[in-house]
1. Probe radius 1.4 Å, ligands and nucleic acids left out: which of 35, 17 has the largest accessible area, and how do the rest follow?
2. What's the magnitude of the charge dipole for the chain around its Cα centre, counting Lys and Arg as +1 and Asp and Glu as -1 at the beta-carbon? Answer in Debye, nearest 20.
3. For the chain, with a Gaussian network of springs between Cα atoms less than 10 Å apart, report the residue from 43, 14, 32 with the top mean-square fluctuation.
4. State the extension gain, in nm to one decimal, for the chain segment bounded by residue 1 and residue 16, taking 0.36 nm per residue of separation less the distance between their alpha-carbons.
5. Put +1 on the Cβ of every Lys and Arg and -1 on every Asp and Glu Cβ in the chain; which of 47, 35, 19 then has its Cα farthest towards the positive end of the dipole?
6. Once you list every other residue whose beta carbon is under 12 Å from the beta carbon of residue 45, what net charge do they have if Lys and Arg are +1 and Asp and Glu are -1?
Amino acid sequence: MKTVDKDLCVGCGACESTCPVGAIAVGDDGKAECSDACVECGACEAGCPVGAIS
Ligand code: SF4
Ligand code: SF4
């Protein structure tokens with residue numbers, strides 16, 4: 001499961017679009033959040049434009 005730094009996240013939604021298993025999504029607060037459905041593929045981390053995912 002990935003951690004999103006909410007101070008860095010700009011809510012662009014790139015991670016949500018990229019995730020193959022729908023494990024990460026932008027919430028009502030405009031920040032992405034990762035669920036335990038994550039399979040640690042790393043795609044969201046690689047695609048985040050601000051490096052908010054680790
Ligand atoms: S690491 Fe992969 S499976 Fe996990 S949230 Fe990111 S894109 Fe989805
Ligand atoms: S790709 Fe990065 S900046 Fe965009 S919503 Fe996901 S965590 Fe936030």
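The values are calculated or read from the model by the stated rules, or taken from the named source; none is laboratory data. As the structure is a prediction and not an experimental result, all values here were calculated from the model. With ideal geometry, Cβ positions are generated from the backbone for all residues, glycine too; neighbour counts draw on all protein chains shown. Calculation scope for accessible area: heavy atoms of the full protein, side chains included, ligands and nucleic acids excluded. Shrake-Rupley method; radii C 1.70, N 1.55, O 1.52, S 1.80 Å.
1. 17, 35
2. Numbers: 3 positive and 9 negative charges, 23 e Å.
So the magnitude is around 120 debye.
3. Checking each option, the largest mean-square fluctuation is seen for 43.
4. On the way: separation 15, 0.36 × 15 = 5.40 nm, distance 1.41 nm.
Full extension from residue 1 to residue 16 adds 4.0 nm.
5. 47
6. Values: positive: 2; negative: 5, 40.
Every neighbour counted, the sum reads -1.
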